[in-house]
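Each remark here refers to the structure printed beneath this line.
The values are calculated or read from the model by the stated rules, or taken from the named source; none is laboratory data. Worth saying up front: this structure is predicted, and the values here are computed from it rather than measured. Glycine also receives a Cβ, built like all others from the backbone with ideal geometry; neighbour counts cover every protein chain displayed. All accessible areas refer to the heavy atoms of the entire protein, side chains included, with ligands and DNA or RNA removed. Shrake-Rupley method; radii C 1.70, N 1.55, O 1.52, S 1.80 Å.
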Amino acid sequence: AALCAAGLAAAVAVSLGLPGDLVAFAVLPVGAAVAMTATRLRGTAAALPLECTGYAVTAAAVATATGDASVLATALSTAGVIAAGTALRPDRRRGAGIATTALFVSAAWVRLAASGVEAPEAYTLPVTLPALVVGFRQRRDPGVSSWKAYGPGLAATLVPSLIAAWADPDWVRPLVLGPTALAVTLAGARWRLQAPLLLGGAVVALVAVHELAPYIVQVVDGLPRWLPPALAGALLLALGTTYEQRLRDARRIREALGRLR
């Protein structure tokens, strides 16, 4: 019955001369109605088949809107509303909540792409900020590590921005990314959080390497050819003579990092 209702809604929309992309908005209400009906029938034998049929109908409706980015963004947002309604059920809260987030984020990204926005931060910050808020709320639970609480949110912005900075000949993005990553590193050190400390420190180091590499190359080119190998040999000799001390230092660093949350 649910499939027949969806097919009838699509047929009526086509018969009225609606464009193919807009047929989705005739079928999406059927998906919403099926989801509501499955909620009311919860606990019966018909609930799960009807619920799965509603998912299929909603996915098919969104698929018909892929020809136009603006229409697709609206269809994804509508599907996100349906998923949010399903997430009100205690037994579907986790899965439907993840689906709701994915649909709303996808809708925002599609809208940005349709508007010609190319900066990765416009796509990643809407994910990072809510993820950090959720991680902040979880910080009181001693069983939640900083990698689980803050790692996904920080990596969602820092890693794409770092990749863009390495490919960007302009100086604006590295100028903003470097201090931001340094602030994340200092915050991780201040509150003894492993994920911000390591992620921020790695990004700071790689940004510094990217920005200083041309000058280092120029300096190395101006040195005598025998000097870099000589310096490398002296460094290896120094490391070899202090090998035991370096091992103890590495152990202390590892233990210190292990004590971080």
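Does Thr39 count as assigned to a helix (DSSP H, G or I), at pLDDT below 90 and of a type in the set (Ser, Thr, Tyr)? Walk me through how you get there before you give the answer.
Details: assigned to a helix (DSSP H, G or I): yes; at pLDDT below 90: yes; of a type in the set (Ser, Thr, Tyr): yes.
Yes; evaluated as a whole, the condition is true for this residue.
Please verify whether segment 59-69 includes one or more residues that are touching a Leu at 6+ places or on another chain (Cβ under 8 Å), of a type in the set (Val, Ile, Thr) and part of a helix (DSSP H, G or I). Steps first, answer last, please.
So in segment 59-69, the residues touching a Leu at 6+ places or on another chain (Cβ under 8 Å) come out as 61-62, 65-66.
Subsequent filtering for residues that are of a type in the set (Val, Ile, Thr) retains 62, 66.
The next check asks that each one be part of a helix (DSSP H, G or I); those that pass are 62.
Yes.
Picking from Thr128, Thr78, Thr124, which residue would you name as being under 26 Å from Thr58 (Cβ atoms), β-branched (Val, Ile, Thr) and either open to solvent by less than 30 Å² (accessible area, probe 1.4 Å) or in contact (Cβ under 8 Å) with a residue 24 or more places away in the chain (or both)? Steps first, answer last, please.
Numbers: Thr128 fails: under 26 Å from Thr58 (Cβ atoms); Thr124 fails: under 26 Å from Thr58 (Cβ atoms).
None of the others qualify; the one that does is Thr78.
Asp249 - would you say it is at pLDDT below 75, loosely packed, with under 10 Cβ neighbours inside 10 Å and acidic (Asp, Glu)?
no
Give all pairs with beta carbons closer than 7 Å in which a residue from segment 97-108 that is among the β-branched types (Val, Ile, Thr) meets a residue that is part of a helix (DSSP H, G or I); count only pairs at least 6 apart in sequence or on separate chains.
Short answer, once both residue conditions are applied: Thr100/Gly80; Thr100/Ala83; Thr100/Ala84; Val105/Pro126; Val105/Val127.
Looking only at segment 155-202, filter to residues that are open to solvent by 60 Å² or more (accessible area, probe 1.4 Å) and among the β-branched types (Val, Ile, Thr); which one of those is modelled with the lowest pLDDT?
Val172
For segment 11-40, give me each residue that is of a type in the set (Gly, Ala, Ser) and under 16 Å from Tyr55 (Cα atoms).
Ala24, Ala26, Gly31, Ala32, Ala33, Ala35, Ala38
For the subset of segment 143-154 comprising residues that are surrounded by 14 or more Cβ atoms within 10 Å (Cβ to Cβ) and assigned to a loop (DSSP other than H, G, I, E, B), which member is modelled with the lowest pLDDT?
Per the criteria, the residue is Val144.
Kindly indicate which of Leu3, Leu22, Leu48 is more than 30 Å from Ser115 (Cα to Cα), touching a residue at least 12 places away in the same chain (Cβ under 8 Å), out of contact with any Leu (no Cβ under 8 Å at 6 or more places or on another chain) and open to solvent by 30 Å² or more (accessible area, probe 1.4 Å).
Result of the check over Leu3, Leu22, Leu48: Leu3.
In contact with a Lys or Arg (Cβ under 9 Å, 6 or more places away or on another chain) and either closer than 18 Å to Pro90 by Cα or modelled with pLDDT under 90 (or both): is that true of Thr44 in this structure?
no
Of the numbered conditions (1) among the polar types (S, T, N, Q); (2) open to solvent by 30 Å² or more (accessible area, probe 1.4 Å); (3) more than 30 Å from Val62 (Cβ to Cβ); (4) in contact with a helix residue (DSSP H, G or I) (Cβ under 6 Å, 6 or more places away or on another chain), Ser106 fails exactly one; give the number of that condition.
The number of the failed condition is (3).
If I ask for residues that are surrounded by fewer than 21 Cβ atoms within 10 Å (Cβ to Cβ) and either in a helix (DSSP H, G or I) or modelled with pLDDT of 90 or more (or both), which ones from segment 81-98 would you list? First the steps, then the outcome.
So in segment 81-98, the residues surrounded by fewer than 21 Cβ atoms within 10 Å (Cβ to Cβ) come out as 81, 84-85, 87-98.
Val81, Ala84, Gly85, Pro90, Asp91, Arg92, Arg93, Arg94, Gly95, Ala96, Gly97, Ile98, listed by residue number.
Taking the condition of being under 18 Å from Thr128 (Cα atoms) and either in contact (Cβ under 8 Å) with a residue 40 or more places away in the chain or aromatic (Phe, Trp, Tyr) (or both), how many residues in segment 166-217 meet it?
Total satisfying the criteria: 10.
Being basic (Lys, Arg) and either assigned to a helix (DSSP H, G or I) or buried (at least 18 other Cβ atoms within 10 Å of the Cβ) (or both) narrows it down to one residue among Arg140, Arg111; which is it? Even if it seems obvious, please write down each step before you answer.
Working: Arg140 fails: either assigned to a helix (DSSP H, G or I) or buried (at least 18 other Cβ atoms within 10 Å of the Cβ) (or both).
After ruling out the rest, the residue left standing is Arg111.
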